[in-house]
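Just below is one structure, and these are the notes that go with it.
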Amino acid sequence: MRVVVTGMGIVSPIGIGVDQFWNAAINGVSGISSIQSFDASNQHSRIAGEINEFNPACFLSAKQVTQTDRFTQLALHAANQAMADAGGLDNYQPRRLAVSLGSGMGGFSTFESSATRKLQNKSIPPFSVPRIMANSAAAWIATQFGLKGVNLTCSTACSSGANAIGMALDLLRSGKADAVVTGGAEACVLPLTMTGFEALQALSINFNADPVRASRPFAQGRDGFVMGEGAGILILEKEEEAIKRGARMYAQLAGYGCACDATHIVAPDMDGQVAAMQAAIDDAGIMPDQVDYINAHATSTPLGDVIETNAIKQLLGEHAWEIAISATKSMVGHSIGASAAIGSIATIMSLHTGTIHPTINLDVADPQCDLNYTPNRAIQKKVQVGMCNAFGFGGNNASLVFTTL
Amino acid sequence: MDIAELETKVIEFIASKAEKVDASNITNASRLEDLGFDSLDTVQLLFDAEEAFGVNFDGEEVRGLRSVGDIIDYITRHPPTASS
């Protein structure tokens, strides 16, 4: 049984909607700028990939806006697009329609604002808890579209979105659902969240005066990741059902693999990354030398990009130098639980259009990063097998394999 | 603020939060439930009213507020808080 992607929606720092996002991505547009949403003058990292044009009142009532955190609002907007793109799922029984969503932090914007009020001995908004809870976005998507089947939320830090999409694949294969709305959402360009990552020395701090150059995966001079936000949503269905209802099919989701480092709570480990990629390839029933393209996790941290490079070499051997790799985060920053959903959309668009978006800010590569990362300019290349990587805190590694139909 | 002025302001405030009710149709006797506020809408209304009127809606007594008049009465009996 094959599982196919029949709809996509995205809210990102370089565009709302797949067309706007992809046009910006293939043109190497950066969505990184000085933080607008709060006074960041006390932060070490004062830049982020924010979605400044986003207005939830355009698609939610005033009451719904009050009852939802920003991560849910981003997810709902992407889900609206994806559902429209798929032409709706009215052919299916509501109890057979599932949601599988990823978010690393959940409603942390509400958590921070409510905690601030509580510490000032003020009352907090009555919808604080249902806004904060990690499954809020999945529940709202279900409610908006009447999706009455399985409703799951995966929270595995930076790999949340990939695991959520993988779980959706498993739901379809196991017969627990006929169609799944899946992806990831995150909205954590926030003072406490960013201070937390700053304390780990994980964020870029040397490019506050030149934000567009800050997120520079694989490049010399990179000094940490740039916080981002966004949401990416896919509609997955069984191929035969999608054909029956005449749906447009972008690609096949052919494989999902995950593996835990079980070594360190935050430091990446090559073996776990190799294991996840290998598991995804095995699950897809292909050979490693069939991989044409990898949408790398590539957050722009000094250590992480080298380890992922080594993991790809370990997995593919000589073939590692023959494939194209690119880092979507060079343009949008790191949107944690949404990042792999956004990376998956980039991977699917590469399969669908034959264009691979560039890794920007890659003028001089780190000597330890010596693969083809598609520096600075998009390339035309027929891609039949694309893999999207996501590696999260907790040693949580997940990879997805998409193929042409 | 005298009581008549307070009544007008509370009614206008509630009308601004109600989805389908005009201020001219709201009186002191109007029950919040009849204006479209379920129990969760009511706690949200009271939370928003804290900012608007500088009063903390807190404690057991708040759970008994059912009508527009109840809210006006509560505000008159509780002085504005410094933190609001």
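The values are calculated or read from the model by the stated rules, or taken from the named source; none is laboratory data. In this text the structure is predicted, and so the values were computed from the model without any measurement. Glycine also receives a Cβ, built like all others from the backbone with ideal geometry; neighbour counts cover every protein chain displayed. Please note that ligands, DNA and RNA were not included when accessible areas were found on the heavy atoms of the full protein model with its side chains. Shrake-Rupley method; radii C 1.70, N 1.55, O 1.52, S 1.80 Å.
Can you pull out every residue in region A:345-383 that is among the polar types (S, T, N, Q) and either open to solvent by less than 20 Å² (accessible area, probe 1.4 Å) or farther than 19 Å from residue A:318 by Cα (or both)?
Within region A:345-383, A:347, A:350, A:353, A:355, A:359, A:361, A:374, A:376, A:380 meet the criteria.
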message: Please count how many residues of region A:57-85 are within 14 Å of chain B (Cβ to nearest Cβ) and more than 18 Å from residue A:338 (Cβ to Cβ).
response: 8
message: Tell me the residue from A:142, A:115, A:138, A:98 that is of a type outside the set (D, E, K, R), assigned to a strand (DSSP E or B) and either open to solvent by less than 50 Å² (accessible area, probe 1.4 Å) or within 14 Å of chain B (Cβ to nearest Cβ) (or both), please.
response: A:98
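Yes or no, residue by residue, for (1) surrounded by 20 or more Cβ atoms within 10 Å (Cβ to Cβ); (2) of a type in the set (Asp, Glu); (3) modelled with pLDDT of 95 or more; (4) assigned by TED's automatic domain parsing to the domain that holds residue A:330:
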| residue | (1), (2), (3), (4) |
| --- | --- |
| A:207 | yes, no, yes, no |
| A:215 | yes, no, yes, no |
| A:220 | no, no, yes, no |
| A:225 | yes, no, yes, no |
| A:228 | yes, no, yes, no |
| A:239 | no, yes, yes, no |
- line: Here the residues within region B:44-59 that are facing chain A (nearest Cβ under 7 Å), under 17 Å from residue A:130 (Cα atoms) and within 10 Å of the chain's Cα centre (by Cα) are B:47
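Got a sec? Which of A:263, A:299 is touching a His at 6+ places or on another chain (Cβ under 8 Å), polar (S, T, N, Q), closer than 21 Å to residue A:159 by Cβ and open to solvent by 10 Å² or more (accessible area, probe 1.4 Å)?
Selected residue: A:299, the only one of A:263, A:299 that is touching a His at 6+ places or on another chain (Cβ under 8 Å), polar (S, T, N, Q), closer than 21 Å to residue A:159 by Cβ and open to solvent by 10 Å² or more (accessible area, probe 1.4 Å).
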task: Among the candidates A:64, A:73, single out the residue that is part of a helix (DSSP H, G or I), in contact with a Phe, Trp or Tyr (Cβ under 9 Å, 6 or more places away or on another chain) and surrounded by fewer than 24 Cβ atoms within 10 Å (Cβ to Cβ).
output: A:64
Count of residues meeting criterion [open to solvent by 50 Å² or more (accessible area, probe 1.4 Å) and either within 12 Å of chain B (Cβ to nearest Cβ) or more than 16 Å from residue A:103 (Cβ to Cβ) (or both)] in region A:125-135: 1
field: Tally of residues being of a type in the set (S, T, N, Q), surrounded by 15 or more Cβ atoms within 10 Å (Cβ to Cβ) and away from chain A (no Cβ under 14 Å) across region B:1-43
entry: 1
- prompt: Does residue A:23 count as part of a loop (DSSP other than H, G, I, E, B) and within 19 Å of the chain's Cα centre (by Cα)?
  reply: no
query: in contact with a Pro (Cβ under 8 Å, 6 or more places away or on another chain) and away from every other protein chain (no Cβ under 14 Å): does that describe residue A:172?
result: no
Selection status of residue B:27, assigned to a loop (DSSP other than H, G, I, E, B) and more than 25 Å from residue A:129 (Cα to Cα): yes
query: Restricting attention to region A:30-39, which residues are surrounded by fewer than 19 Cβ atoms within 10 Å (Cβ to Cβ), in contact (Cβ under 8 Å) with a residue 60 or more places away in the chain and in a loop (DSSP other than H, G, I, E, B)?
result: A:37, A:38
message: Given the criteria away from chain A (no Cβ under 14 Å) and buried (at least 17 other Cβ atoms within 10 Å of the Cβ), does residue B:68 qualify?
response: yes
message: Among the residues in region A:25-43, are any at positive phi and in contact with a helix residue (DSSP H, G or I) (Cβ under 9 Å, 6 or more places away or on another chain)?
response: yes
query: Regarding residue B:48, is this residue free of Cβ contacts under 8 Å to residues at least 60 places away in the same chain and open to solvent by less than 90 Å² (accessible area, probe 1.4 Å)?
result: yes
message: Kindly evaluate residue A:25 against the criterion of being closer than 30 Å to residue A:214 by Cα and surrounded by 22 or more Cβ atoms within 10 Å (Cβ to Cβ).
response: yes
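State whether the residues of region A:76-89 include one that is assigned to a loop (DSSP other than H, G, I, E, B) and closer than 25 Å to residue A:256 by Cα.
Looking for residues that are assigned to a loop (DSSP other than H, G, I, E, B) and closer than 25 Å to residue A:256 by Cα, one finds at least one in region A:76-89, hence yes.
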message: Anything in region A:145-159 that is crowded, with 20+ Cβ neighbours inside 10 Å and either of a type in the set (D, E, K, R) or not assigned by TED's automatic domain parsing to the domain that holds residue A:114 (or both)? List them, or say none.
response: none
message: Checking the structure you have, find out if any residue of region A:55-64 is among the aliphatic types (A, V, I, L, M) and in contact with a strand residue (DSSP E or B) (Cβ under 6 Å, 6 or more places away or on another chain).
response: no
